[in-house]
Each structure stands twice: as structure tokens, then as C-alpha cells.
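Shown next, in C-alpha cells, is the structure this report addresses.
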Amino acid sequence: MPAAPAAATPTRKFHFISGLPRSGSTLLAAILNQNPRFHAGMTSPLADIMGVVIAEASSKNDFSFDVSDEQRVAMLRGLVENFYAGHAGGDAGIVFDTSRLWCSRMQLLDMLFPEAKVIACVRQLSWVLDSMERLVRRQPVGVSKVFRFDTNTTVYSRVEALTDPRGMVGFSFQATKDAFYGQYAPGHLLLLTYESLVRNPAAALRAVYQFIGEPWFEHDFDHIAYHADEFDARVGMPGLHTVRPKVEPIERTSILPREIFGRFVNESFWMDPKNNVSQVPIV
């Protein structure tokens with residue numbers, strides 16, 4: 001008697017979390033992960049692996065003439081699907097992959113997953129830099145990969161390194177602007193401000209659910225659990241992805257020199273309605 005055919009694997013939906021560092025992406029993932037239908041986590045290597053595949057399938061490889069665009073699309077789509085096929089969140093029907101690279105790849109995501117949404121977490125740049133500097137000062141006997149293990153730095157040189165176009169903050173800031181002003185923003189991009197997420201998480205998450213078209217799930221904003229101690233230790237920034245148990249705003253005074261804080265205080269392009277020509281939803 002022939003064996004019964006294997007049950008069909010349910011089709012997964014993929015969405016992407018991107019935006020600025022220290023702006024709530026890990027917190028958002030931790031909250032979303034409470035929903036048993038969702039799987040979300042800290043930054044994954046998927047976008048970086050995809051970049052390597054794209055490069056090796058290009059003219060960088062002498063045999064790339066034998067790779068069609070259709071094959072490239074199939075390989076990249078399969079890479080995303082197979083990356084999560086055996087993941088711990090294997091039963092989740094909706095996957096959120098996190099990377100600061102996704103905002104720079106809106107056209108690619110539209111080609112691979114036309115129904116996918118990108119949630120870009122943003123925060124006033126001065127406070128992003130303030131948060132990074134606090135992490136550095138918390139570990140005076142260590143040195144971070146973020147600054148290429150250079151021990152001879154000051155707050156001024158660290159800010160310059162972070163805001164360089166290829167730096168941790170500078171690249172993600174430009175990528176977010178690229179997505180915000182780009183042709184693929186309408187219907188695909190939502191900007192989630194850190195301030196809204198920590199001050200009114202229920203309203204912020206309801207906007208996210210509406211954006212991705214999923215039924216509401218009652219989250220517990222007083223008992224959030226997430227940390228990535230091993231990764232944070234590897235990059236020399238303990239606490240980089242640690243989430244406090246309760247979602248709430250923390251009022252504080254900046255530790256940055258006044259001229260540095262003032263230099264970036266007006267860089268929040270999303271706060272000026274005149275810039276939002278594509279009517280990107282901003283929460």
C-alpha cells in the first residue's frame with residue numbers, strides 16, 4: 001500500500017524589522033515574540049549571507065553568465081525560506097527578520113516577497129548616540145568591535161566613527177532615509193518611533209498589527225524577556241540587546257557634550273510632515 005503523501009508545509013509570511021540601532025528593534029521583536037504565531041529576534045545574519053550570495057552570483061564570479069535573473073530570485077527567496085525552515089520558531093506562521101540592511105534593500109524585498117512589510121525603528125539621533133556612549137562607558141576595561149577594537153578613542157572620535165556613512169549609526173540612518181524617500185515605501189514601510197513604543201506600547205503595537213494585516217494579540221508589556229549575552233560579549237558591548245522587563249520611558253539627562261548633542265538634534269527627518277511625500281505611516 002503506497003505511503004500517504006506528506007502534509008503540505010503551510011506557507012509562511014515574512015516581514016522585516018530594520019532602522020536605527022538603539023531605537024527599539026530588539027524590544028519590538030521581544031514583544032512580537034509573545035504571540036505564538038510570530039517568530040522574531042535580534043539581528044540575524046540572513047541579510048549579510050544574502051549579500052554574499054548576490055555578490056558571488058554577479059560578474060565577480062567568472063561563471064555568473066550561466067546564472068539567470070530567475071535563478072537569482074529563486075536562490076534568494078529560497079535562502080530566506082530555508083534559513084527559518086528548521087529554526088526554533090519553526091511552528092510560527094509569520095517570521096520577522098531583523099537587520100539594519102533591509103531598509104537599503106526595499107526593491108529586492110519587493111521582488112522576493114511582494115506582500116512583505118518593513119518596520120523601521122527610529123529615534124532622535126542624539127539619543128541614539130547617547131545610548132551608544134552609555135554602553136561604552138559601562139565597560140571601561142573592555143573594547144568594542146564597533147570601534148574596531150581601538151583603545152585610543154574619545155567621545156568625539158566614537159561619535160565620528162558611529163556616524164560615518166559606513167558606521168553603525170551612519171549607514172542605518174542613510175538606509176532608513178533611502179527607504180523613506182524611495183519608490184517602494186508606500187504600502188511597504190512603517191516608521192515606528194522609539195518614543196511611541198516605550199510611552200504607549202499598546203497603541204504602537206496595534207498600529208504594527210494593522211500595518212501587517214494581522215488580528216490583535218493581547219501582549220504583556222510588564223513582563224518582557226529578551227537578552228543576547230553571548231553576542232553582546234562578542235562585540236564588546238554587554239547589554240546591547242538586553243531588554244528591560246517592563247516597557248516604560250526612562251527620563252534622563254544626556255551624557256554627551258552639548259555641542260555633539262546639538263549637532264544631531266534636528267536630524268529627525270520623519271518629524272517634518274513636508275518630508276513625507278509618500279505618506280509613510282509613522283507611529
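The values are calculated or read from the model by the stated rules, or taken from the named source; none is laboratory data. From a predicted model like this one, the values you see are computed outputs, not experimental measurements. Here the Cβ positions follow ideal geometry from the backbone for every residue, glycine too, while neighbour counts run over all protein chains shown.
So if I check each of Ala228, Ala233, which one is modelled with pLDDT under 75 and over 19 Å from the mean Cα position of the chain (by Cα)?
After ruling out the rest, the residue left standing is Ala233.
What's the number of the only condition in (1) surrounded by 14 or more Cβ atoms within 10 Å (Cβ to Cβ); (2) closer than 23 Å to Ile94 by Cα that Pro186 fails to meet?
(1)
Scan segment 16-25 residue by residue and report those that are buried (at least 24 other Cβ atoms within 10 Å of the Cβ) and more than 8 Å from the chain's Cα centre (by Cα).
Result: Ser23, Gly24.
Does Arg105 qualify as being of a type in the set (D, E, K, R), crowded, with 16+ Cβ neighbours inside 10 Å and modelled with pLDDT of 95 or more?
yes
Select, from Asp130, Asp164, the only residue that is closer than 25 Å to Ile119 by Cα and surrounded by fewer than 17 Cβ atoms within 10 Å (Cβ to Cβ).
It is Asp164.
Considering only segment 153-173, I want to know if a residue exists there that is assigned to a helix (DSSP H, G or I), touching a strand residue (DSSP E or B) at 6+ places or on another chain (Cβ under 6 Å) and not hydrophobic (A, V, I, L, M, F, W, C).
Among the residues of segment 153-173, not one is assigned to a helix (DSSP H, G or I), touching a strand residue (DSSP E or B) at 6+ places or on another chain (Cβ under 6 Å) and not hydrophobic (A, V, I, L, M, F, W, C), which makes the answer no.
Return the residue satisfying two criteria in turn: it lies in segment 239-279 and is under 30 Å from His223 (Cα atoms) and small (Gly, Ala, Ser), and of such residues it is farthest from the chain's Cα centre (by Cα).
In this case the residue turns out to be Ser254.
Would you confirm whether or not segment 175-183 contains a residue that is in contact with an Asp or Glu (Cβ under 9 Å, 6 or more places away or on another chain), buried (at least 18 other Cβ atoms within 10 Å of the Cβ), at pLDDT 80 or above and not in a loop (DSSP other than H, G, I, E, B)?
No, the conditions are met nowhere in segment 175-183.
Restricting to segment 258-271, give me the number of residues that are surrounded by 14 or more Cβ atoms within 10 Å (Cβ to Cβ) and of a type outside the set (A, V, I, L, M).
7
Restrict the check to segment 193-207 and report whether at least one residue is over 20 Å from the mean Cα position of the chain (by Cα), closer than 25 Å to Arg244 by Cβ and of a type in the set (Ser, Thr, Tyr).
Taking every residue of segment 193-207 in turn, none turns out to be over 20 Å from the mean Cα position of the chain (by Cα), closer than 25 Å to Arg244 by Cβ and of a type in the set (Ser, Thr, Tyr).
In segment 137-161, which residues are touching a residue at least 24 places away in the same chain (Cβ under 8 Å) and surrounded by fewer than 19 Cβ atoms within 10 Å (Cβ to Cβ)?
Residues satisfying the conditions are Arg137, Arg138, Gln139, Gly142, Val143, Lys145, Phe149, Val155, Tyr156.
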